[in-house]
Amino acid sequence: MIWIIGTGLMGIEYAKVLNAIGVEYTAIGRGELSASAFEKQTGHQAIRGGLTAYLATRPAVPQQAIVAVGIEALTDTCIELLGYGVKHILQEKPGIGWMSEIRRLDEAVNRAGADVVLAYNRRFYSSVLAAEKIIAEDGGVSSFNFEFTEWSHTIAPLPKTKVEHQTWFMGNSSHVIDTAFFLGGQPKELTAYHGGENVLTWHPSGSKYAGAGITNNGALFSYQGNWTAPGRWVIEMLTRKHRLYFKPMETLQIQEIGSVAVNPVEIDNRLDVDFKPGFYLQTQAFLAGDYTRFCTVAQQKEHIERYYKAMSGYTD
């Protein structure tokens, strides 16, 4: 048996995958509105009242759990599950709300001797899988660049919690950053700049980002993001033979050496069309206990300390 904690939009997407795979699960939500919407969308009953109330009924410990609650409740929900004895947890990205929570979460995971992996679903995109094959055939990535501009004019009016808005870099932009470093290697050296503090009322820590460095694979990289200017999420991977474009990230385009033409790469993306992109293969890997493509809590802690803090300018 597997539990889904959270019956909002993300919980619904996980349920769609579990329904398709044919896995039995228990869905646990808090409010009536989200639970009713979950039942309507999935055809599966949802338990109301929240995780704490459900645990008070002393249900059997599940083999696995998926935490799909809001970012403000990720850490506490995961720790509560660990305390109940759950040993295998798929935690929605970025795994925490405030950056300072990563230490408490990491300590709880270590005490429990559990496996907690983070759902950076773009690692499982069909486009990323196709790019990995090309990169391997070409002998690896030699350099790359990426952009994580956010559309502040559409984000500001969203009915988000304080932590969601003020940690938008980790909660949203880290999807691009994680994918880029997953493909190109983790930073060994990094020079990071950030500016535009107090320009955005909902994100006072900054609005402009730029930097460069070298990865543990020897690839040079650069990045930028300007949340008060036009832009989009983009990743470009360069090998000795090709330039690979993720623009948008669900697609893959390729440029051959000696040519200026940019052509689409034919990929089998049926699972990314039928389900939320990356979710089917990500959930399938988690259910099988195959964590090789996942970011663990321990790795996320290292990423935060080594480069997310420097890139974002966050102090908490």
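Relative contact order of the stretch 9-95: 24 percent, from C-alpha pairs under 8 Å at least 6 residues apart in sequence.
Around Ile254, what is the net charge, scoring Lys/Arg as +1 and Asp/Glu as -1 over all other residues with Cβ under 14 Å from its Cβ? Every neighbour counted, the sum reads -1. Remark on Ser205: its backbone amide H falls under 5 Å from those of Asn198, a criterion applied only to residues 5 or more positions apart or on other chains, H modelled at 1.01 Å from N.
So, counting K/R as plus one and D/E as minus one, what does the shell of residues with Cβ under 11 Å around Thr149 add up to?
Values: positive: Lys208, Arg232; negative: Glu147, Glu150.
That sum, taken over residues with Cβ under 11 Å, equals 0.
Taking every DSSP bridge with both residues inside the stretch 125-268, close to 85 percent are antiparallel. Segment Ala20..Ile214, full-extension length gain: 65.7 nm, with 0.36 nm per residue of separation and the alpha-carbon distance subtracted. Working ranking of peptides 157-163, 141-147, 302-308 by packing, defined as the average number of other Cβ atoms within 10 Å per residue, highest first, is 141-147, 302-308, 157-163.
Helices meeting the span-like rule in the chain (full DSSP H runs, Cα extent of at least 18 Å along the helix axis, mean Kyte-Doolittle score of 0.5 or higher): 9-21.
Extent of the stretch 125-268 along its three principal axes (Cα atoms, max minus min coordinate, largest first): 46, 33, 24 Å.
Across the chain, the relative contact order, built from alpha-carbon pairs under 8 Å that are at least six residues apart, equals 18 percent.
Counting every alpha-carbon pair across the stretch 2-119, the share separated by more than 26 Å comes to 13%. Maximal additional length on extending the Gln186-Thr201 stretch stands at 2.2 nm, based on 0.36 nm per residue less the C-alpha distance.
If you model the chain as an ellipsoid using its alpha carbon gyration tensor, with each semi-axis the square root of five times an eigenvalue, the axes come out at 33, 23, 19 Å, biggest first. For the chain, give me the percentage of DSSP beta bridges that are antiparallel, rounded to the nearest 5 percent. Around 60 percent of the beta bridges assigned by DSSP in the chain are antiparallel ones. Over what distance in Å are the Cα centres of the stretch 149-223 and the stretch 64-134 separated? Measuring centre to centre over Cα atoms gives 19 Å.
Between Asp76 and Leu9, the simple spin-label model (points 7 angstrom out along Cα→Cβ) gives 2.3 nm. Label-to-label distance for Glu137 and Arg240 is 1.6 nm, based on points extended 7 Å past Cα in the beta-carbon direction. Report the normalised scattering of the stretch 149-206 as log10 I(q)/I(0) at q = 0.14, 0.19, 0.20 Å⁻¹, calculated by the Debye formula with identical scatterers on the alpha carbons. For the stretch 149-206, the Cα-only Debye profile gives -0.47, -0.79, -0.85.
Mean residue ellipticity, 222 nm, helices only, the chain: the sum of -39500 (n - 2.57) across DSSP H runs of n ≥ 4, divided by residue count and rounded to 500, is -9500 deg cm²/dmol. Here the stretch 175-220 is treated as a sphere whose radius is the Kirkwood value from Cα pairs; by Stokes-Einstein at 4 °C and 1.567 mPa s it diffuses with a coefficient of 109 µm²/s. Other residues with beta-carbon under 9 Å from the beta-carbon of Trp227 carry, at +1 per Lys or Arg and -1 per Asp or Glu, a net charge of 0. Each residue of the stretch 239-249 was assigned a 3J(HN,Hα) from its phi angle through the Karplus curve 6.51 cos²θ - 1.76 cosθ + 1.60 (θ = phi - 60°); the sequence is 10, 5, 10, 9, 10, 10, 10, 10, 7, x, 6 Hz, with glycine and proline shown as x.
Here the contact order of the stretch 125-268, divided by its residue count and restricted to Cα pairs under 8 Å and six or more residues apart, works out to 31 percent. Taking a straight line from the alpha carbon of Lys208, these lysines sit under 19 Å away, with near neighbours fewer than eight places off in the same chain left out: Lys309. With 29 Å as the limit on Cα-Cα distance, the pairs of Lys16/Lys160; Lys133/Lys188; Lys87/Lys247; Lys93/Lys188 that go past it are Lys87/Lys247.
If R0 equals 35 Å, the separation of the Cβ atoms of Arg104 and Glu266 corresponds to a calculated FRET efficiency of about 0.15.
Setting aside same-chain residues fewer than 8 positions from Lys241, which aspartates and glutamates have a Cα under 16 Å from its Cα? Counting by Cα, and skipping residues close in sequence, Lys241 has these aspartates and glutamates nearby: Glu132, Glu137, Asp138, Glu256.
Between Thr315 and Ala56, what FRET efficiency comes out of the Förster formula 1/(1 + (r/R0)^6) with R0 = 35 Å and r the beta carbon distance, rounded to 0.05? Computed FRET efficiency for Ala56 and Thr315: 0.40.
Bear in mind these aren't lab numbers, they're just calculated from the coordinates by the rules spelled out. Just so it is clear, the model here is predicted, and its values are computed rather than measured. Neighbour counts run over all protein chains shown; Cβ positions are idealised from the backbone, glycine included.
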